[in-house]
1. Would you mention how many residues in the range 156-178 are outside any helix (DSSP H, G or I) and either among the small types (Gly, Ala, Ser) or open to solvent by 80 Å² or more (accessible area, probe 1.4 Å) (or both)?
2. Look through the range 249-272, keep the residues that are under 19 Å from Ile183 (Cβ atoms) and assigned to a helix (DSSP H, G or I), and return whichever of them is most open to solvent (accessible area, probe 1.4 Å).
3. Being open to solvent by less than 40 Å² (accessible area, probe 1.4 Å) and on the phi > 0 side of the Ramachandran plot narrows it down to one of Gly275, Gly304, Gly281, so name that one.
4. Any chance the range 231-247 includes a residue that's over 24 Å from Gly12 (Cβ atoms), in contact with a Ser or Thr (Cβ under 6 Å, 6 or more places away or on another chain) and in contact (Cβ under 8 Å) with a residue 12 or more places away in the chain?
5. Please enumerate the residues belonging to the range 85-106 that are in contact (Cβ under 8 Å) with a residue 60 or more places away in the chain, on the phi < 0 side of the Ramachandran plot and within 15 Å of the chain's Cα centre (by Cα).
6. For the range 121-128, indicate whether the set of residues that are touching a residue at least 24 places away in the same chain (Cβ under 8 Å) and over 21 Å from Ala164 (Cβ atoms) is non-empty.
7. List, please: which pairs have Cβ atoms under 7 Å, are six or more places apart or on different chains, and start with a residue in the range 19-47 that is in contact (Cβ under 8 Å) with a residue 40 or more places away in the chain and within 19 Å of Ala170 (Cα to Cα) and end with one that is aromatic (Phe, Trp, Tyr) and open to solvent by less than 10 Å² (accessible area, probe 1.4 Å)?
8. Going through the range 166-186 one residue at a time, which ones are over 18 Å from the mean Cα position of the chain (by Cα) and hydrophobic (A, V, I, L, M, F, W, C)?
Amino acid sequence: MRIAIMGSGGVGGYVGAWLQNSGQNVTFIARGAHLAALQRDGLRIEHPQLPLHLPKVTATDDPASVGPVDLVIFAVKLFDTESALDMMAPLVGPATRVLTLQNGIDSVGIIRSRLPPAAVVLGGVIYVSAVIDRPGVIRSPGGLHAIVADRASGDAVMAELEQAAAKLEALSVKLSDEATQVIWEKFVALASLSGATSLLRARMGAILGNSETHAFQRQLVDEVIAVGIAHGVALRSGLADEIMGKLAAMPPSFRSSMAEDLERGNRLELRWLSGRVHGLGLEHGVPTPAHTTVYRGLLLHEGGSDRSVRL
């Protein structure tokens, strides 16, 4: 397959590197110092068990030079969605599939609204911790490394993606007929752990090791489930206990990418995570005091330390 990674940061870089390693034809859409490093030195994944170095990768900041591909993996930060969609148009032809791995619950709708009606946009989630450590280098502490994506009624491109990942130890792809449910379940977990690790400036081991912050983490999970049910999503019984168990099984050093961005003074996906829970709570009359605290407590930082706050 010809695959374009739209957004070659932590998630996109990790996925694209391993897909290229499986034999796929991958082009990384990147910019700035990261792009320059990819073109000069290739792409390196720093991983405690499964390190990878691709000395040569195809990387560009000009999608028009690539043309239509079989699959676009859309992995830009949510605040870059609009500008990325403007750039992405040359990558999308009549047979292209766009798989979004963005956080939150709104990505598929936003992308579909900006592409031609015939474009096929599929929802998915990725469970991985990966960030740009320095230009050309993606750092992952290990742990989960799985994609769950819309099966799309037996779509051949998605089936080939699943088969390509089957060759890999560091990336798995599972196709699902319940993509909306899967996206919401990840939203419950991600909004909650992002909120806790960012607001508390702490890692998962410390948060769950203290009775008060453990209770705060559980409250964040319960609130997202409550607004999801009020929003009409059939979330599973026992989901909160399951998510808390998964958080407890993470490396004690784990923290969210939003917490990483906060420390580095980067922009935050706050309004699409705890901010979205806060908004849904107001919409449906469901109290969300924990997520509202996260949202209001981090709002002045969402634009990053080197940018004006976007309100």
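The values are calculated or read from the model by the stated rules, or taken from the named source; none is laboratory data. Just so you know, these numbers come straight off a predicted model, no measurement behind them. All Cβ positions, even for glycine, are placed from backbone atoms using ideal geometry, and neighbour counts span all protein chains on display. Note: areas computed on protein heavy atoms with side chains; ligands, DNA, RNA excluded. Shrake-Rupley method; radii C 1.70, N 1.55, O 1.52, S 1.80 Å.
1. Total satisfying the criteria: 9.
2. Arg271
3. Just one listed residue meets the conditions, Gly304.
4. Within the range 231-247, the first condition is being over 24 Å from Gly12 (Cβ atoms), and the residues that meet it are 231-245, 247.
Pick out the ones that are also in contact with a Ser or Thr (Cβ under 6 Å, 6 or more places away or on another chain) and you get none.
No, the range 231-247 contains no residue that is over 24 Å from Gly12 (Cβ atoms), in contact with a Ser or Thr (Cβ under 6 Å, 6 or more places away or on another chain) and in contact (Cβ under 8 Å) with a residue 12 or more places away in the chain.
5. Leu99, Leu101, Asn103, Ile105, Asp106
6. no
7. Filtered contacts from the range 19-47: Ile45/Tyr14.
8. Result: Ala166, Leu168.
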